[in-house]
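Enquirer: Mind looking over this structure? Questions follow.
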Amino acid sequence: MTAENAPPPATPPLVIVSGMSGSGKSVALKTFEDLGYYCVDNLPAELLPEFVRRLQAGQTSPDRIAVGIDARSLGDLSDVPEALSQIGAQGVDTRLLFFDTRDEVLLRRYADTRRRHPLSHLGLVLADAISLERQALKPLRQIADHVLDTSELNVHQMRRHILTEYGLSGTGLSLLFESFAYRRGVPAVADFVFDARVLPNPHWDARLRPLSGRDGAVADHLDADPDVIAYVAQVQGFLDTWLPKLRSETRSYVTVAFGCTGGRHRSVYLAERLARHCRESGWAEVAVHHRELD
């Protein structure tokens, strides 16, 4: 990890999250959300001052806000410095956090996940899309208060850094619940892998097919199945028994992965469900990553 600028204060009222696609911005925003920040992704830069003003004027104004601004709004990026200046004039302390990653690492990450780059709609090959994005984001990188090079970081380490700089991170065990599709391979760093393909597949319900395991309708559908109830109870029992024992060892991270055919319904539901269970059980550092969705 490279921090090219001085670290920001622990709890700035407004954090702007930007950087290269595939560098960990979605992990950052989810972590800020877990820290109690009101989070909005892909907000046009010219709307930022008015957005902040309206939030401040509300009766239940959030104490801290995190906003994602990136290459998905190329035409708006030139407005960011002026927008930050206007927000500063409103008396709001703002920090710009920029995520960066080496090109060869970005190429490998996109190859591993088979996701499309947000600029691929321009008809560019991946390497050219990354190059164009880097050029477009150069003004934001130059004015960033904090630049993180995530080339050598995993999801746990990225999350831990944000918790340390912006939250109240302890030194306990950090848990990551990850969903994945078996057809694209098992995550290389998973400590525990559970196969959800034995459970009923919401994909075959036309009403549920466009949704994901994050959606309430899918969760309700799975919650109503006795096999799912038994599966969840058994996995919860396993984790409740063995995770505390891992905490006593000299290790910082544990990844619990759930796989299904497409990585969209059953595995996502289980990752969310078990992460919620661990948070309710008192685990302080719990993250969720959906490989095929995030």
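Enquirer: Return the long-range amide H neighbours of Phe194 (sequence gap of 5 or more, or a different chain), with a cut-off of under 5 Å between placed amide H atoms.
Expert: The list, which skips near neighbours in sequence, is Ala257, Phe258, Gly259.
Enquirer: Nearest 500 deg cm²/dmol is fine: what mean residue ellipticity at 222 nm does the chain get from its DSSP H runs of n ≥ 4 alone, each adding -39,500 (n - 2.57), divided by its residue count?
Expert: On the way: 9 runs with 116 residues, N = 294.
One gets -12500 deg cm²/dmol as the mean residue ellipticity at 222 nm.
Enquirer: Among all the aspartates and glutamates, which ones have a C-alpha under 16 Å from Lys138's C-alpha, if same-chain residues fewer than 8 places away are not counted?
Expert: Glu4, Asp70, Asp76, Asp79, Glu82, Asp100, Asp103, Asp128, Asp149
Enquirer: I would also like to ask the following. Could you size up the charge dipole of the range 204-294 around its Cα centre, putting +1 on the beta carbon of Lys and Arg and -1 on that of Asp and Glu, and report it in debye to the nearest 20?
Expert: Charge dipole of the range 204-294: 240 debye, to the nearest 20.
Enquirer: For the chain, what are Rg and Dmax over the alpha carbons, in angstrom?
Expert: Gyration radius and largest Cα-Cα distance of the chain: 19.9, 57 Å.
Enquirer: Modelling each spin label as a point 7 Å along the Cα-to-Cβ direction, I'd like the Arg53/Gln135 distance in nm, to one decimal.
Expert: 3.5
Enquirer: Additional query: In the chain, which helices (entire DSSP H runs) extend 27 Å or more along their own long axis, judged by Cα positions, while averaging at least -0.5 on the Kyte-Doolittle scale?
Expert: Helices passing the filter in the chain: 226-247.
Enquirer: Could you tell me the calculated FRET efficiency between Gln142 and Leu43, based on Cβ-Cβ distance and R0 = 22 angstrom, to the nearest 0.05?
Expert: After rounding, the FRET efficiency stands at 0.60.
Enquirer: Moving to a separate point now. If amide H atoms are built 1.01 Å from N in the plane of the peptide, which residues on other chains or at least 5 residues away come under 5 Å of the amide H of Leu96?
Expert: Ile16, Asp145, His146
Enquirer: Further question: Given the options Ala28, Ala230, Ala83, which has the most mean-square fluctuation in a GNM of the chain, springs set between C-alpha atoms less than 10 angstrom apart?
Expert: Per the Cα network of the chain with a 10 Å cutoff, Ala230 tops the list.
Enquirer: A further question on this structure: Which parts of the range 256-294 would a label at Val193 reach, counting a residue when its backbone N lies under 19 Å from a point 7 Å out along Cα-to-Cβ?
Expert: The answer is 256-272, 289-293, whose backbone nitrogens lie closer than 19 Å to the label point.
Enquirer: With both bridge residues required to lie in the chain, what share of the DSSP beta bridges run antiparallel, to the nearest 5%?
Expert: Here the share of antiparallel DSSP bridges comes out near 5 percent.
Enquirer: Return the FRET efficiency for the residue pair Ala206, Ala233: r is the Cβ-Cβ distance, R0 is 25 Å, and the value is rounded to the nearest 0.05.
Expert: In this case the efficiency is close to 0.25.
Enquirer: So what is the accessible area of the chain per residue, in Å², with the probe set to 1.4 Å?
Expert: Value returned for the chain: 48 Å² of accessible area per residue.
Enquirer: Oh, and also: Which length gain, in nm to one decimal place, applies between Asp294 and Thr60 when the Cα-Cα distance is subtracted from 0.36 nm times their residue separation?
Expert: So the chain would gain 81.3 nm between Asp294 and Thr60.
Enquirer: Calculate the spin-label point distance for Glu82 paired with Ala127, positioning each point 7 Å from the Cα along the beta-carbon direction, and give it in nanometres.
Expert: Placing both labels 7 Å along Cα→Cβ, they lie 3.7 nm apart.
Enquirer: Within the range 120-248, what whole-number % of the accessible surface is contributed by carbon and sulfur, with the 1.4 Å probe and all protein chains included in the calculation? Working shown, then result.
Expert: On the way: 3650 of 6710 Å².
Carbon and sulfur together cover 54 percent of it.
The values are calculated or read from the model by the stated rules, or taken from the named source; none is laboratory data. Everything quoted here is computed from the prediction, not taken from an experiment. We place every Cβ from the backbone using ideal geometry, glycine too, and count neighbours over all the protein chains shown. Please note that ligands, DNA and RNA were not included when accessible areas were found on the heavy atoms of the full protein model with its side chains. Shrake-Rupley method; radii C 1.70, N 1.55, O 1.52, S 1.80 Å.
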